[in-house]
1. Would you list 735, 871, 67 from the most to the least accessible area, probe 1.4 Å?
2. Given 0.36 nm per residue, what is the gain on full extension from residue 412 to residue 447 after removing their alpha carbon distance, in nm?
3. For residue 827 and residue 782, compute 0.36 nm times the residue count separating them, minus their Cα-Cα distance, and round to one decimal in nm.
4. Could you sort 855, 57, 1035 by their accessible area in this structure, using a 1.4 Å probe and putting the largest first?
5. Percent relative contact order of region 683-791, based on C-alpha pairs within less than 8 angstrom and at least six residues apart?
6. If each residue of separation counts as 0.36 nm, what is the full-extension length gain between residue 128 and residue 30 once their alpha-carbon separation is subtracted?
7. Return the lysines within reach of residue 541: Cα separation strictly under 16 angstrom, same-chain partners fewer than 8 residues apart disregarded; answer none if there are no such residues.
8. How tilted is helix 3-16 with respect to the longest principal axis of the chain? Cα atoms for both, answer in degrees (0 to 90, nearest 10).
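The values are calculated or read from the model by the stated rules, or taken from the named source; none is laboratory data. Every value quoted in this text rests on a predicted model; they were computed, and no experiment measured them. Cβ atoms come from the backbone with ideal geometry, glycine included; neighbour counts cover every protein chain shown. Side chains included, ligands, DNA and RNA excluded: accessible areas come from the protein's heavy atoms. Shrake-Rupley method; radii C 1.70, N 1.55, O 1.52, S 1.80 Å.
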Amino acid sequence: MDQNEAQLFEEILINILSPNNFLRGEAEEKYKSLLENNSELCLFSLIDRLENSNQQKVKDLSMILLRQSVIHNFLDGEKLFNLIPKESQELIKKKLLENIMIQTTKSTQKKVCDVIAAIGANQTKEDRWPELIPYLMKIFQDSQDSVKENIFYIIEQLSICSGPIVDKYDVDFFPLFEEFMKSQYSVGIRVANFKAISSFIILIPKSARIKYQNLIPSMFELLQECINLGDFDICEQIIQELIDSAELIPKFFLPHISTVVDYVISITTLNDIDESIRRLALEFLITITQKGKPMIKGIPNFLERIIPITLEIMTDIEDDDNWQNSFKNETEVSNIDVGESFLDRLSLSLGGEKVVPIAFPHISTLLDSNDWKHNYAGLYAISSIGEGSKETIREHLESVINKIIPFFQHENPRIRFVASTTIAQMSIDFEPYIQNDYHDLIIPAIFQVLQDSDFPVLQARGATTLINFSTNCPTDILEPYAEDLLKKLVELLQIDQIIVQQEVVTAIASIANSCTNIFTIYYDELMKYLKSILINATDEKYLVLRGKTFECVSFIALAVGKEIFIKDAFEILNLMVETEKNISKEDPQLDYFVHSYTNISQVLKQSFAPYLENILPKILEQAGQAIDQYFLDEIDEDDDIDFDDFTVVVSVDKQFGIKTSILEEKASAISLLYNFASEVEEEYFPFVETTYQTVSPMLDFTVDSNIRTLSTVCITELAKCVIAAFEAKSPNADRQYVNNFVALVCDRFCEILKKENQTIVIAEIIDGIGQIFQTAKGIVDSARITQVFEILPFVLEASYKRQLNIEQETQNEDSEDDDYEDDDVETQMKKKETIEKEINLNILDIITQSFLFHKDTFLGFFDAKIYEYYRGLSESQNNFHIHLSICVFVDIVETGDLNAFANYWQHFGPIVLNSISSEDPQLRQSSVYSAGACAKFGADLFAPSAPQFLQALADVIQAQDSREEPFATATDNAIGAFGKICFFQPQNIPLQNSLNLWLSFLPVQNDPDESVATYSLLCDFIEQKSSLVFGRNNKNVPHVLAIIAQVIDTDLVDKVVAQRMTKIVTSIKSTFGQKFNTFLRMIKPRKLANRLTKF
């Protein structure tokens, strides 16, 4: 590059940095043009400016732009740097490495290192820069301190961006890491080394991490040295790195945990450090408690030391005469916020039985103090530890409430505010006990706060407290107060205080949710004020109020029902539709429309359908909106990106961010589409195809499993809508359309099952298919859904492999660190097991529906492709697996195909018999039910085994604990099975004695479904074999009548069985005449017999 070209290029870079918009825009266009037309020259020009420019800002910008060429996609998804000739790439890399030694300014050094790390992360994965690490190691020993720091910085960045670096160079790096953590080296080198180590150890295997634990003392020595030097910025960086390690690899600190904790606690007691250091030190302690809970258990007096420190921090509150406005506009994190968070996480991690006995004496002291700041901290402390200490505090709830209530009358309004806040939180944490037992103390206190007109923010907080208290409050508790509360809320609704009005409308909605009856009385008055807000409050400052008002109206609609709400429904919906036409995506009203539309559609049902045409376009647009992905290693520090609004997603070799708000918008939209389809049912049919076209691609939305789950639920509901439209004889919804759409959905679901790796999504898809099968019944031709049959073996095998992995992970965890029992890991394993069980139960449901409605097609497929899997499960030692196999066997039995029964009976019969006495309630229930099914459908094949099964059933029915949980439901099923053997296999058992015994087992009352079947069987017996049922000399008649009396007017029998019982009682009365009254007198208690006197 000649001097003129260099000068022109430098001018471009200078103007890119210009505050003059015109100059900057023109320069950016010139740079872009050069980059596109001669990218190789452009990149070399950047290197030239790094080496030869006299302006620091130009040097720095040249490296920023060069890094962008490395990390940003340019053409066909490829990085621009990778598109220039390989020889040019090598020369640029060589120049960059040389400049590590040449550049003297820290900012430029760092930016050079950023470019090297970016190229290294990109190319070392493919081994295209093998000389990078060896070169860095070579120049390290003889370089100046600043260069050493830069090399550690490069290693740190490479560790973050490139996993292969970590795996490949662990052995080479460790001696370097170990040596340069020694105190003889400068703080700058040790800090850079520490950061590199912190990035490195997170990614290496557990076994390789052990040697790094020897460096822990040196890490904390470095922290202490920085504290002594007063370099609090560096201290913050060090502690934050330690927090990250505690979050991701808490066991790393295990060998030194007592020393580490003692030291960090000592930091929190220092007086001459920045408050930020104290907070971060506490954050480390809380994080290590949450993530490494078992380690903390062995540390003496840990809570006794950390809780007082946390409470002391919470008392550091500023006097603020303008506290009302400060509260409304609060953005900075206060000491109260920090303390609340710490206490909450402590109690959630360690439990109330450990935290409460230590915390509450200190809290009581704060509450008894004459210093309002101590009272303030004490009240907030109670609200903080409640969620994690529910059971422990509940035992003392009365004394706690009695401590808080007097503060509602405190002379300081800030104390009244926090007292209300505390009760608001406790109303959630201690529901329903606080509502049931202390409403007479709390509601008057809330009412008092609502009347505090001198402090609107306090009135607003009172309304918030009422919301929390009333949300799930029993109607009989809240209703006596509802009239006075509503009068006060309506009064507050009319004052011009937005902060109050916003909470008041939500409070009205909350009461509506609990006290539906009273809203019929106040409906017209309330709607008058609420509609006035919706019509008149159109200024921007009222947007949140307006949104909340729409939501409030929708809850009132739920309370009063369609008949009353209908007179205002369409006016409200028209207002919502018009509002949506004229607002931006950022308008806060939209946040409340989801609930509002959901509630109103739930009330109006099919009458909501006319509004879908206007409402759906925006919702479909929101559901299908594209999402920008920001790869974290491609973001420059100068990029204007708010990371607080980002969800980080980890792919195979990348981390990228997605705007959380957009994910939430998509989820809300898809959820709303589901709700519409669910509530409007067949009237949603005209919109099914457009909805499907929008939502179906979301099944491939790999970055968020929640979106995929919601999409699955929505699509399932669309299929059910199509079936409902067919059944309602809607235009165009003929049988062929149903078959085509169900086949389309099943094809799509099966396609996703082949590649989906999130078990929660798999479970939902399988459940969706089962729901569709159950809803469609025989409408769908078997030939259109064979793809579902074909996918089942794949899903079953995949689930089985995952279950084996879970078992192996659990065993591995149990074998590691016997003194470290990680409850979080155990919880995760149980969660995984639960989801796998759900998947298998959902598959079982599909199999059941397939045998019911597609037997001829499915039975042969099952025998060829699936049977061996369940046969294997039946031979395992896992009770749940045996249960699944027996359930599938029952499905086969209940097809009534005797040939199929013959094929499977020999294997499954002994397993069922043996499992009847299982101590696993689920397995026992499936086994006893299976016994009844075999008796009914097994005919002569079952006959030889009938006595054995009858005795096994009698044994479990008569067992001492059979009528108690967890066996009560299984016992009901066993009684039903016993009766079926008596009815269907009478020739193979002593019938009269068995029948008498069966009658003595009745009534059954724990399983409604089985109860209906059992009492239907009783009716069959009486109608067909009354003499056997009534017994010799009709001795069983009073007992039979007593059984009928107990169940005839309950949900234990359906309408048909109840009618049959009525006829039986009438027949007995007619047959036995006056003796019928004698039978009634033999029934105890007398009121039971009185139920039959109406016949």
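1. Values: 735 110, 871 75, 67 45 Å².
Output order, biggest surface exposure first: 735, 871, 67.
2. Here the segment from residue 412 to residue 447 would lengthen by 10.8 nm.
3. Once the chain is fully extended between residue 827 and residue 782, it gains 12.1 nm.
4. Values: 855 60, 57 100, 1035 130 Å².
Descending order: 1035, 57, 855.
5. Normalised by residue count, the contact order of region 683-791 is 31 percent.
6. Details: separation 98, 0.36 × 98 = 35.28 nm, distance 3.17 nm.
Contour length minus Cα-Cα distance gives 32.1 nm.
7. 328
8. 50 degrees
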